[in-house]
1. Would you mind stating whether residue 129 is assigned by TED's automatic domain parsing to the domain that holds residue 214, modelled with pLDDT under 85 and farther than 22 Å from residue 190 by Cα?
2. Residue by residue through region 202-213, note down the ones that are in contact (Cβ under 8 Å) with a residue 60 or more places away in the chain, outside any helix (DSSP H, G or I) and under 21 Å from the mean Cα position of the chain (by Cα).
3. Within region 40-60, identify whether any single residue is in contact (Cβ under 8 Å) with a residue 60 or more places away in the chain, in a helix (DSSP H, G or I) and within 23 Å of the chain's Cα centre (by Cα), and answer yes or no.
4. Determine whether region 190-199 contains at least one residue that is touching a helix residue (DSSP H, G or I) at 6+ places or on another chain (Cβ under 8 Å) and closer than 15 Å to residue 91 by Cα.
5. Restricting the search to region 216-235, which residues are surrounded by fewer than 17 Cβ atoms within 10 Å (Cβ to Cβ) and part of a helix (DSSP H, G or I)?
6. Among the candidates 158, 189, 209, single out the residue that is closer than 30 Å to residue 122 by Cα and in the same structural domain as residue 107 (by TED's automatic domain parsing).
7. Do we have any residue at all in region 30-46 that's more than 15 Å from residue 233 (Cα to Cα) and in contact with a helix residue (DSSP H, G or I) (Cβ under 7 Å, 6 or more places away or on another chain)?
8. Suppose we filter region 114-130 for residues that are under 21 Å from the mean Cα position of the chain (by Cα) and loosely packed, with under 14 Cβ neighbours inside 10 Å; how many remain?
């Protein structure tokens, strides 16, 4: 008797058109990266050298700008975890009708020009923050809202928040315990996505930091590019590799554990 394969077990195979578009999309991103890497190691006579990489790695400006960007990354991630996660969760539990208003507010950083944002920060923040690079942390926390809010909102929409909260509170858990032990594990992928978006924005933001005259990593790279094109490209390639590695590490941390369930007492 011939075996009949169930339709539900048949995996659709990508057609020629889909494969073509995937190849085109891969080349669209791969060719510029390969060209940049080649430009950073090739000299005028056709030989290859990594002097641009060693020159940039030994430049004291790299460590200073990287350390400043790292502190701003940690501050921005802290804002996302301590402010955005509880706020979005509260909207889902207590203020469903206010979600449209909040969605509009989170879009404002995309509408307001960066020049206006920088001038607004200088005129509204306390004087002790105006001379501090941590002013950028508050700016980045606002700039990440359009992305982090939607990442967290999508994660919370995928679970029954009210039932989980009611169950946790009914068992005597505090709001902090509910948020950290019940809600957060169920939206772990959304939280990691929001964190990665925040990190990517901080490591790539140039306008606000340059207007506030702080040498973050993107600003320092732009300044280097005015006098050393190969060095600036080398730094760009290294930063791209760093972001890739960071994404891989976060993906590993986000990997869910497989749970084996025995059915029927077996």
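The values are calculated or read from the model by the stated rules, or taken from the named source; none is laboratory data. This one's a predicted model, so the numbers in the text were calculated from it and none came from an experiment. Ideal geometry is used to build each Cβ from the backbone, glycine not excepted, and the neighbour counts take in all protein chains shown.
1. Working: assigned by TED's automatic domain parsing to the domain that holds residue 214: yes; modelled with pLDDT under 85: yes; farther than 22 Å from residue 190 by Cα: yes.
Considered against the rule, which asks whether it is assigned by TED's automatic domain parsing to the domain that holds residue 214, modelled with pLDDT under 85 and farther than 22 Å from residue 190 by Cα, residue 129 comes out as yes.
2. Step one: filter region 202-213 for residues in contact (Cβ under 8 Å) with a residue 60 or more places away in the chain, giving 202-203, 205, 207-209, 211-212.
Of the ones still in play, those that are also outside any helix (DSSP H, G or I) are 205, 212.
Once the filter is applied, which keeps residues that are in contact (Cβ under 8 Å) with a residue 60 or more places away in the chain, outside any helix (DSSP H, G or I) and under 21 Å from the mean Cα position of the chain (by Cα), region 202-213 yields only 205.
3. no
4. Step one: filter region 190-199 for residues touching a helix residue (DSSP H, G or I) at 6+ places or on another chain (Cβ under 8 Å), giving 190-199.
Checking which are closer than 15 Å to residue 91 by Cα leaves us with none.
Taking every residue of region 190-199 in turn, none turns out to be touching a helix residue (DSSP H, G or I) at 6+ places or on another chain (Cβ under 8 Å) and closer than 15 Å to residue 91 by Cα.
5. Keep residues of region 216-235 that are surrounded by fewer than 17 Cβ atoms within 10 Å (Cβ to Cβ), which gives 222-223, 225-229.
Within region 216-235, 222, 223, 225, 229 qualify.
6. On the way: 158 fails: closer than 30 Å to residue 122 by Cα; 189 fails: closer than 30 Å to residue 122 by Cα.
Going through 158, 189, 209 in turn, the sole match is 209.
7. So far as region 30-46 goes, no, none of its residues is more than 15 Å from residue 233 (Cα to Cα) and in contact with a helix residue (DSSP H, G or I) (Cβ under 7 Å, 6 or more places away or on another chain).
8. Of the residues in that region, 0 qualify.
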